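Just below is one structure, and these are the notes that go with it.
The values are calculated or read from the model by the stated rules, or taken from the named source; none is laboratory data. None of the values given here were measured: they were computed from a predicted structure. FYI the Cβ positions are ideal-geometry reconstructions off the backbone, even for glycines, and counts take in every protein chain you see.
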């Protein structure tokens, strides 16, 4: 390995100020979503520059990486993030994603209990506000007795609050020391210890109530899946527990004492890939449901690729569900100021700008390749910097661009087949004459011709189309546009 200057995370003062200002509020009306092209440093900025500060003093920050379970494309497993859309990767299990989200919010809620800002009474109040727990509580109380639930009449009816107190008392006696070690300190009084224990039992009880109600819906969900239908109420019920935790955290937030922030990374936005589409819904539904109803959401920050407000309106029926902030990396002049002299010479920089521009991830990977001697094992002669760039471009072509283009082509083939079978409405075929009458045979070759024609048009336009200024939104009626956007080969920006 050739010795060189260690790579450093370069500050982004303006963007950092925007994010820090958002975090300073203990409650915000909308979550903030930071998005932009791949490789510009969105996750790096937050994890390397801001995350530690957001976990100091009164700030409690939870971080969920929804891509962590994808072992072939995550740094935790010794790999690197994919260059192209996450939809090209094997999708994670929705159960895993849901568990990640819930575990993060539960740990933050337990921290609030330890600080004394969440009580058993608050948990009961919020639970009964959105749910009717009476039957579930009765089932919990009668679970160990083995007897059938008695038929409730006016004479033997017990109030919900009494059922709650009985169930909390029952669970409190069953809590083990491991469940209380994090909360109980030797320096606290007996009274404080019983307060924490009761709140912990109440949190556990509320989760059990939600789980019981979820089981009641299992047959309805199974029947809906078999019929291929959709129910918004059933879909929203999948996030009942995260929504309840979010409301607890929001009500518990106090300035300069307990300020919460939830940050979610690696949310892909694919509206043709069912599982990744569900990732977006699982991630955003708690914020949509609770944020629009209450407008007092604990500060949260999903990170996504290009999820605009018009898309949120289509998914959730509310256009201002989040604050959108875009991050596009450096301009060539900005990158030159940081790179030339420390990492690249002027002649090397001229090659970089001409070939692939100032994308931070490109710069980092080329610099790492420059310091490595591995590339010389491939070359039989002394390599120049141009050879390094050529080798890197060949790597991107084989491992990134070609697989993504193949997947985009599959989307076009499917679209052509759907047009033939009448599954595509005429409204989507107002522009782009070839797609109205695709051939009945050799669809693969025909779709490939359409994709090549589209790419050649982009090359002629130097990969820049100002469809807003030209009022040419029919640009998105071409299925090739959607396919390339879907696989992240082409990025739409405002």
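Values for this structure:
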| read-out | value |
| --- | --- |
| Residues of region 336-362 that turn out to be at pLDDT 90 or above, assigned to a helix (DSSP H, G or I) and crowded, with 17+ Cβ neighbours inside 10 Å, as a count | 6 |
| Tally, over region 107-130, of residues that are at pLDDT 90 or above and farther than 20 Å from residue 254 by Cβ | 4 |
| So residue 323, is it in contact with a strand residue (DSSP E or B) (Cβ under 6 Å, 6 or more places away or on another chain), farther than 15 Å from residue 41 by Cβ and either surrounded by fewer than 19 Cβ atoms within 10 Å (Cβ to Cβ) or modelled with pLDDT of 85 or more (or both) | yes |
| Any hit, region 154-162, residues being at pLDDT 85 or above, assigned by TED's automatic domain parsing to the domain that holds residue 254, within 24 Å of residue 249 (Cα to Cα) and more than 29 Å from the chain's Cα centre (by Cα) | yes |
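Residue-by-condition table, conditions (1) assigned to a loop (DSSP other than H, G, I, E, B); (2) farther than 30 Å from residue 192 by Cα:
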site	(1), (2)
21	no, yes
38	yes, yes
43	no, yes
69	yes, yes
108	no, no
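Let's see how each residue does on (1) under 17 Å from residue 324 (Cβ atoms); (2) touching a residue at least 12 places away in the same chain (Cβ under 8 Å); (3) under 19 Å from the mean Cα position of the chain (by Cα):
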{"site": "31", "(1), (2), (3)": "yes, yes, yes"}
{"site": "38", "(1), (2), (3)": "no, yes, yes"}
{"site": "46", "(1), (2), (3)": "yes, yes, yes"}
{"site": "55", "(1), (2), (3)": "no, no, no"}
{"site": "63", "(1), (2), (3)": "no, yes, yes"}
